[in-house]
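> Starting off with a structure, shown below.
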Amino acid sequence: MLVEPGTPTAPPRPASAPEQAEVTPRRRRGRPNVLSREQVIDAATAIANEDGLDRLSFRALGVRLGVAPMTVHRTIGGLDDLHAELVRRTVDEFTATFVWPDEWHAVVRTFATTFRDLMLTHPLVLESHSRRGALVSTESDAVVAKVVGALRSAGLPDAEAMYAFFVVYDFVVGHTGVQVGRGSAAAGRPERHALVAEILGSHSYEERFSLGLDVLITGIEARVR
């Protein structure tokens, strides 16, 4: 802050209230701030992951982006469209990271672990799935086709291959819902934790997920035989 210099022996004199007001930056009137869709989606992703979809509003976005809520509305449209866009972009970015192996066991395991990583990294995906139905994205159908195709090539009939995919899908969603505690999952039950501690002495979601996935793959293998 700029102040007027005093004498060499005197301390600097603080600015008066009018002088402070002079140096305070003021928002210029006229043309509104301009945002890109990417800026809004990035901010919305952060809010939804940190605080949940219920906290995602034009006001919250305006505070995070430093603009008026109406500026956000003009840029992105309605909140329902924004929710759908968040899911599409997040799922597509993750599905692009899939590196598919050749063997069917490994295909199922790759799908399950990567899908779980997606929901742990972006709880908004899990919450949106729990409240708004199936996840829809540009690449999601290709992922389903890859896993179902691997199960068919292993020897499962068409219907069983599709249902086996959904069994794995449902397991991953349910397990992650309990771990994260978002959406409709009932998490954090103290009596259940006490029982686990009494039997095991400790609890690991990683070991729990790994065992569950092994059981599912073993069951699918039995159907193939």
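FYI, it's all coordinate maths here, none of it is from the lab. Values in this document were obtained by computation on a predicted structure and should not be read as measured data. Neighbour counts run over all protein chains shown; Cβ positions are idealised from the backbone, glycine included.
> Return the distance in nm (one decimal) between the two label points of a simple spin-label model at Tyr163 and His105, each offset 7 Å from Cα along Cα→Cβ.
Each label point is offset 7 Å from its Cα along the Cβ direction, giving 2.4 nm.
> Arg64 to Ser36: extension gain in nm, 0.36 nm per residue of separation minus the Cα-Cα distance?
8.7 nm
> Going highest first, how would you order 96-107, 142-153, 73-84 by mean Cβ packing within 10 Å?
Result, highest mean Cβ count within 10 Å first: 142-153, 73-84, 96-107.
> Moving to a separate point now. Grab the beta carbon distance between Tyr205 and Ala96, set R0 = 35 Å, and tell me the FRET efficiency rounded to 0.05.
Calculated transfer efficiency: 0.85.
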